[in-house]
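Okay, structure first, notes after.
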Number of protein chains: 4
Amino acid sequence: MDYQAVLEEVAAHARPYVRQGRVADYIPALERVSADRFGIAVADINGEVYGVGDWETPFSVQSISKTFSLALVMAQSHGGHDSIWRRVGREPSGTPFNSLVQLEAENGIPRNPFINAGALVVTDRLQTLTGDASTSMLHFLREESGNQDLAFDQAVADSEAEHGDRNAALAHFMAAFGNLENPVPSVIEHYFWQCSIEMSCRDLAVAGGFLARHGLRADGSRLLEAREAKRINAVMLTCGTYDAAGEFAYRVGLPAKSGVGGGIIAVIPGRCTLCVWSPGLDARGNSVAGAAALDHFTTLTGWSVF
Amino acid sequence: MDYQAVLEEVAAHARPYVRQGRVADYIPALERVSADRFGIAVADINGEVYGVGDWETPFSVQSISKTFSLALVMAQSHGGHDSIWRRVGREPSGTPFNSLVQLEAENGIPRNPFINAGALVVTDRLQTLTGDASTSMLHFLREESGNQDLAFDQAVADSEAEHGDRNAALAHFMAAFGNLENPVPSVIEHYFWQCSIEMSCRDLAVAGGFLARHGLRADGSRLLEAREAKRINAVMLTCGTYDAAGEFAYRVGLPAKSGVGGGIIAVIPGRCTLCVWSPGLDARGNSVAGAAALDHFTTLTGWSVF
Amino acid sequence: MDYQAVLEEVAAHARPYVRQGRVADYIPALERVSADRFGIAVADINGEVYGVGDWETPFSVQSISKTFSLALVMAQSHGGHDSIWRRVGREPSGTPFNSLVQLEAENGIPRNPFINAGALVVTDRLQTLTGDASTSMLHFLREESGNQDLAFDQAVADSEAEHGDRNAALAHFMAAFGNLENPVPSVIEHYFWQCSIEMSCRDLAVAGGFLARHGLRADGSRLLEAREAKRINAVMLTCGTYDAAGEFAYRVGLPAKSGVGGGIIAVIPGRCTLCVWSPGLDARGNSVAGAAALDHFTTLTGWSVF
Amino acid sequence: MDYQAVLEEVAAHARPYVRQGRVADYIPALERVSADRFGIAVADINGEVYGVGDWETPFSVQSISKTFSLALVMAQSHGGHDSIWRRVGREPSGTPFNSLVQLEAENGIPRNPFINAGALVVTDRLQTLTGDASTSMLHFLREESGNQDLAFDQAVADSEAEHGDRNAALAHFMAAFGNLENPVPSVIEHYFWQCSIEMSCRDLAVAGGFLARHGLRADGSRLLEAREAKRINAVMLTCGTYDAAGEFAYRVGLPAKSGVGGGIIAVIPGRCTLCVWSPGLDARGNSVAGAAALDHFTTLTGWSVF
């Protein structure tokens, strides 16, 4: 597969979709990003990386970090990795990603680890396991991406905290059901720091390589059992793109996780990990040009999990 | 009407219901109250008070305070008293009293001022109007009841705060919709102080007299316009007893407001205000013996708004 | 009280509201009614009737019939009148009047007898008790109103049936929960016939007199025990005006039942029964000018249940 | 791959799960099936079939038919195959499979074609396209399976109709939103006939071969475009096992469709189609032993889409 040629064709196809949708504006730090940006990168399972456009420009990972917090919790729970699943479900949410309705109906157990409530529970668990849920993630991402310059964006984290009433509501609500181990302010703070990490398409495609390598890290050591890596992919496919997971599976057919910074990572198990970025979002919070690019990538390559 | 004789007959009728239901146990300070207690008082519109049983024993007013915070906000909003109604509705909630579902569906506007979310909005408004939402209420209650010993119960307020995640969730959630004027911790704190006020049946029946006197205070001065007092009674009837308001109207037929401390105040417009107390609660949070007593009172007197 | 003078002032006050709102258009037979119409009538408990405007013009009673079906079921269930309350609740619905959500959450038990689902259950019961739920109601209304010309409007009943998928859904849904005694098509048919009855403000005010007379019929015989009549008034107040019952209680403060034909009946217990009619409806299905008229009536007379 | 050996090992693994769960009992015809049965079959893409246990015993396909009705509608809508997606969504339902809540919130558009409401819409469309939505499916299944003896089970269809109030409610409700083209009774009848078809594991594995062959029928002709077949697989994975689709994807990782008769078909794209049958169902309506068998099949073979 000539990845470079494919990516160039994909970028050309996606170009008309750039600037479509709407840049996230709930915090100023995200709103300032130019809607014009578009980048895409592929990292194959041997560590080769290809990219076009703004593939080396850092952006705010936002909810893509939820994939890594889940992986780290599963990796650090050897012999008891199922425990997180007593506190968070694995079913698509069926309602917009911040919904409190489901949480109330199901006694404080979030439907899955990729809605905000679920990610707060996972972050809480990671905090307990590591003592620092955000720094441990940052160190992991630096190692996997090979980019020691990765850092939090303090302006983004502060801005999220300032506008964080909804996440505070979710966390207090779960605390009321006894589903948090650490104090609400601490959990929220680490969650916002995780979301604020800045990474490029290149960084994310490389750092997510373990998902395509059935759990093996960049250095060949094992992060997750093969069945655990497969299972994260399954959760990505059914829950990774907010309330559009069914539509995304239908169109693209790959495990993927999106963020409101405009990034989407996707996995072709056994082959490669992709990351695409363009800040314009559709009504459900997924990058418009990013989804179009992944759709076209699967059309060109014929690769899909189905 | 020989109130004393009626109250004695009512108390005899209600006696078998005492110890039925379940004393509120979500905070230790409430759990310690003996389930055996029962008291009832009537204050007629001329200021005469009658009582039987534990009618002079103070108990935690809890949600009964919601009636007074609403009255105080309406009283202090002359010429613009409708403003609170842009931030809180007047419809029965149709779901258990802490529900977040409705709040989400209706963009952070609570259905009515007597569910917790609505009372938080009213407290927030009272805080803005008076600078101290809990002390201003305490002073008002001392004046109206004529009992200068009324006080907050610090143990109750602290205990509520310790177990206050659900109310914190509600407050943060409304803040996310822009429906709070003051900081969340301040609103919650004043709300808990209001709930912690200790009053007896006597105190509450006397302090609520303005509802039977079409808005006139104990000293004859006007707190509310007649139509405002009437309207608070309407909201009490349709929303005052949690998710059992329809049932309560059906059985008792009086405007009423209950609290999880086991108290219920009820109004017979133009005649008198009642307060009954017995700590055992039914599944919807209303005093079992208290409801039975009010039911029997209306049967004996033939008084009902219908 | 000079009713005639009051009604004239009320009509003058309500006039600007006539033509506001929107005439029900879900069936052609209702859509054809002129939005210009306005009438109001009062029947005092001695049988005197007063009216202004189009108070003698028949209109489609629609949901006002739900009051009479409930009364007839309660009247015919002597000694066991509570049985209907095992199949239908007494709580305000908290959601738009046709909602299926609540019905699903509460196992096929409608929240109250005045939402469509609840009225279908009441009609089903009346069908079992009388063998003909619509004709028995028509005969009762003829007797109470003294107008032997009252009749069904076949065009309306047929039109409702043609557009009756939502009511059919409700009925089948309750049948799935075992909450209907008679076949779905039969229950729906009688329900539509009841709604199609044509009556004037005069007819309705007179026919509803038993609600103001604590259960006594026009001829002085007893239809309902006093407490039963009081209880129907309570249900009217908390549930009689769709999802606006709280608002209606707040503004008007009277037990009332509205219909999408533009009529509203209201009760002042011990004094009189009113009926007002004007076809323009607000967003919740209540007559705009009708509500304004009742509001003004209570302001002028100072009569309210609160 | 020695399919026969794998199936035998899978059957041995699944054996302890047989008789677990509960046989569907909402209609007598299903209740009569012995809980002891277990069969599994695999049809590879070349038409070879393997099986163990009761793999040749016919059972009621029930909701598995939803896969075929969707495929037939997509196949007969060349050039305009997207039209069905204006009338039914592609998102997991997030609530139990018969829920009306979502349908109301989303204006009569079912969330996906595999919940009952969605399948009624697909059946309605197939009825319009073919003139006979049940017979056209039966003929297709006979041809694909090569078994001309396939037939409806009239007792099952009649029994479903007798207990069909909930489906009638769904259909009337969607008709009220204008989302049915044919009369409600006709749509329901054809839907019940489809569900009543009796097939064995062998029949279903062979008949579903087009899903593994990227749209090619048993005779090599094209039923669906490759992307259409892939998309049906995507919908099966995200929505095929009622409210347990996320859990099923997590555990098994294959596109699958279950039925309350105890059957489940699953697809390994490019390789084979499986069908497993055992009547004991878990709380969400999926065969307990069937899910265990598919789980073990993927463990043994290492085949998964992830």
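The values are calculated or read from the model by the stated rules, or taken from the named source; none is laboratory data. No experiment lies behind these values; they were computed from the predicted model shown. Virtual Cβ from ideal backbone geometry, glycine too; neighbours counted across all protein chains shown.
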Picked from region A:148-169 (must be free of Cβ contacts under 8 Å to residues at least 24 places away in the same chain and within 14 Å of chain B (Cβ to nearest Cβ)), the residue surrounded by the most Cβ atoms within 10 Å (Cβ to Cβ) is A:Ala168
Any chance you could count how many residues in region C:52-88 are of a type outside the set (Ser, Thr, Tyr), part of a loop (DSSP other than H, G, I, E, B) and either touching a helix residue (DSSP H, G or I) at 6+ places or on another chain (Cβ under 7 Å) or modelled with pLDDT of 95 or more (or both)?
-> 8
In region B:224-239, how many are over 16 Å from the mean Cα position of the chain (by Cα), of a type in the set (A, V, I, L, M) and either at the interface with chain C (Cβ under 9 Å from one of its Cβ atoms) or within 15 Å of B:Pro92 (Cβ to Cβ) (or both)?
-> 1
Inspect region A:240-256 for any residue being among the polar types (S, T, N, Q) and away from chain D (no Cβ under 12 Å) and give the result as yes or no.
-> no
Confirm whether C:Arg227 is in a helix (DSSP H, G or I), in contact (Cβ under 8 Å) with a residue 12 or more places away in the chain and basic (Lys, Arg).
-> no
Screening C:Ala291, C:Ala245 for residues that are modelled with pLDDT of 95 or more and buried (at least 24 other Cβ atoms within 10 Å of the Cβ) leaves only C:Ala291
Inside region C:266-305, can you point out the residues that are hydrophobic (A, V, I, L, M, F, W, C), more than 17 Å from the chain's Cα centre (by Cα) and within 22 Å of C:Gly215 (Cβ to Cβ)?
-> C:Trp303, C:Val305
Quick check: is even one residue across region B:208-217 more than 14 Å from every other protein chain (Cβ to nearest Cβ), over 22 Å from C:Gly253 (Cβ atoms) and of a type in the set (A, V, I, L, M, F, W, C)?
-> no
Meets criteria (among the aliphatic types (A, V, I, L, M), modelled with pLDDT of 95 or more and closer than 24 Å to A:Glu56 by Cβ) for A:Val235 = no
Looking at B:Gly47, is it surrounded by fewer than 24 Cβ atoms within 10 Å (Cβ to Cβ) and not in a loop (DSSP other than H, G, I, E, B)?
-> no
Please work out which one of (1) part of a loop (DSSP other than H, G, I, E, B); (2) without any contact (Cβ under 8 Å) to a residue 40 or more places away in the chain; (3) surrounded by 24 or more Cβ atoms within 10 Å (Cβ to Cβ) is the condition C:Ala283 fails and give its number.
-> (3)
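One line per residue, one yes/no per condition, for (1) touching a Gly at 6+ places or on another chain (Cβ under 8 Å); (2) surrounded by fewer than 20 Cβ atoms within 10 Å (Cβ to Cβ):
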residue	(1), (2)
C:Pro28	no, yes
C:Glu56	yes, yes
C:Ala105	no, yes
C:Asn112	yes, no
C:Ile115	no, no
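Residues are listed down the side, and each one gets a yes or a no for (1) assigned to a loop (DSSP other than H, G, I, E, B); (2) touching a strand residue (DSSP E or B) at 6+ places or on another chain (Cβ under 7 Å):
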{"position": "C:Leu180", "(1), (2)": "yes, no"}
{"position": "C:Tyr191", "(1), (2)": "no, no"}
{"position": "C:Gln194", "(1), (2)": "no, no"}
{"position": "C:Arg202", "(1), (2)": "no, yes"}
{"position": "C:Leu237", "(1), (2)": "no, no"}
{"position": "C:Gly270", "(1), (2)": "yes, no"}
Of the listed residues (B:Val276, B:Val305), the one being surrounded by 24 or more Cβ atoms within 10 Å (Cβ to Cβ), part of a loop (DSSP other than H, G, I, E, B) and β-branched (Val, Ile, Thr) is B:Val305
Enumerate the pairs (first residue in region D:112-127 and in a helix (DSSP H, G or I) and at pLDDT below 95; second residue anywhere and surrounded by fewer than 24 Cβ atoms within 10 Å (Cβ to Cβ) and not aliphatic (A, V, I, L, M)) with beta-carbon separation below 6 Å, excluding pairs fewer than 6 apart on the same chain, so at least 6 apart or on different chains.
-> D:Asn116/D:Asn98
Does at least one position in region D:129-147 carry a residue that is within 14 Å of another protein chain (Cβ to nearest Cβ) and in a helix (DSSP H, G or I)?
-> no
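Each row is one residue, and each column tells you yes or no for (1) more than 13 Å from A:His13 (Cβ to Cβ); (2) in contact with a helix residue (DSSP H, G or I) (Cβ under 6 Å, 6 or more places away or on another chain); (3) at pLDDT below 95.
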| position | (1), (2), (3) |
| --- | --- |
| A:Gly263 | yes, yes, no |
| A:Leu281 | yes, no, no |
| A:Arg284 | yes, yes, yes |
| A:Thr299 | no, no, yes |
| A:Val305 | yes, no, yes |
Determine, yes or no, whether B:Glu198 is away from chain A (no Cβ under 12 Å), more than 30 Å from B:Leu7 (Cα to Cα) and not β-branched (Val, Ile, Thr).
-> no
